[in-house]
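Here the structure is laid out as structure tokens; the discussion comes afterwards.
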Amino acid sequence: MLFEVEPARRLVGIAKLASESERLEAKSRVEYFEIAARSVLNRCRPGMPFTWTINPYRGCEFGCKYCYARYTHEFMERDVEEFENRIYAKAAVAEILKRELGRTDKREAIAIGTATDPYQPAERRFGRTRSMLEVFARERGWHVSITTKSDLIQRDIALLGEIARANVLDVNMTITTLDAELARMLEPRAPRPDLRLATVKKLAEAGICVGVFPNPILPLITDRERALDRLAKAAKDAGAQYFGGGVLFLMLAAQKVFFPFLRERFPHLVRRYEERYRRSPFLRGTYTDDLRVRVRKIRERYGLASAPVEYRPELWEDERQGELFPLD
Ligand code: SF4
């Protein structure tokens, strides 16, 4: 026998679910699948400003070169490079969310879009994010944030307005750079920075609490004072209320895509990045401290907050009035 056939590996858990997923559709480079979801509210590690995360999809077509969420494809025994080409839409998310909210503490904040963009192109076809927002629109008292790079969120502005009347809702728009060419390199299939800024403006005009995050800030690529200053000013002009940024962290799964990209586009930076990220995916020390100060000063220059500004939704005020003057 010339070749020994390797016995098929027994897949378990999320890898098994992924292997059994039904294919929904295929575009030229991207395949879409439906995957069963056991739960949609996932508890995240302590120390984050939220307790629960929601990711309506697995994988993200925007394909950012630095994306840390590529590890989620490794959980499914898929290559990290497939993160932007094999997109899994989670099934029955609205029903599951409704059930899970019933046993969740309203004081615990919920973040939508921490490991995938909830408004990536798949959302236009499968509407999983919208179906969950419709659940929140019938609720009150929750703290919800949405993080995206997409102008598709404009489709849901009316729905977001409804949610914000009875819940605290913040939208975090990620804009790493205003340089469209650089953005295309770093985030090949994400909407242009000007479209994202225009979306910030639309959201702000609709009364939604919105902020801009230049995350992740890439050392020697997007970290220049002038570039961050221009971005903060543009964010402020568009109506953003907060602006905050942190330096790139580079897990092993992300390095598999980021370093080949760096070698091709920024070869002069490879050695320095390798030295800095060899020992840890997190950057610490003087550079990080200086960057934090730089971002804080820029933010203060434009009167921007560092995080979402807490507000009382309109319908909470009604409730308070009701408490003060009970009708018996
Ligand atoms: S938009 Fe976010 S989740 Fe999607 S590829 Fe980029 S960094 Fe990853």
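We did not get these values from a lab; they are worked out from the coordinates using the rules stated. As the structure is a computational prediction, the values presented were derived from the model and not from experiment. FYI the Cβ positions are ideal-geometry reconstructions off the backbone, even for glycines, and counts take in every protein chain you see.
Taking other residues whose beta carbon is less than 14 angstrom from the beta carbon of P216, and scoring Lys, Arg as +1 and Asp, Glu as -1, yields +3. Its residue count N sets the reference 2.2 N^0.38 Å, and the alpha-carbon radius of gyration of the chain equals 1.05 times that reference. For the chain, C44, C60, C209 have no disulfide-compatible partner, since no other Cys C-beta lies under 4.7 Å from theirs.
If R0 equals 35 Å, the separation of the Cβ atoms of D290 and R38 corresponds to a calculated FRET efficiency of about 0.20.
Report note on the peptides 198-211, 282-295: ranked by the mean count of other C-beta atoms within 10 Å, highest first, their order is 198-211, 282-295. Averaging the Cα positions of each part gives two centres, and for region 246-263 and region 265-300 these lie 13 Å apart. If you take the Cα centroid of region 169-218 and the Cα centroid of region 63-93, the two points sit 21 Å apart. Take 57-66, 297-306 and order them by the average number of nearby Cβ atoms within 10 Å per residue, most first; the result is 57-66, 297-306. Proximity of backbone amide H atoms, modeled 1.01 Å from N, is registered between G141 and N167, V168 at under 5 Å, excluding neighbours fewer than 5 places apart on the same chain.
Three semi-axes describe the equivalent ellipsoid of region 29-167; taken as square roots of 5 times the Cα gyration tensor eigenvalues and ordered largest first, they are 24, 17, 14 Å.
Under the definition of Cα pairs under 8 Å and six or more residues apart, what whole-number percent is the relative contact order of region 232-319?
On the way: 55 pairs, mean separation 44.3, N = 88.
So the answer I get is 50 percent.
Do any of K90/K236; K65/K201; K90/K233; K201/K297; K98/K256; K65/K233 go past 30 Å between their Cα atoms, and which? Checking Cα-Cα distances, K90/K236; K90/K233; K98/K256 exceed 30 Å.
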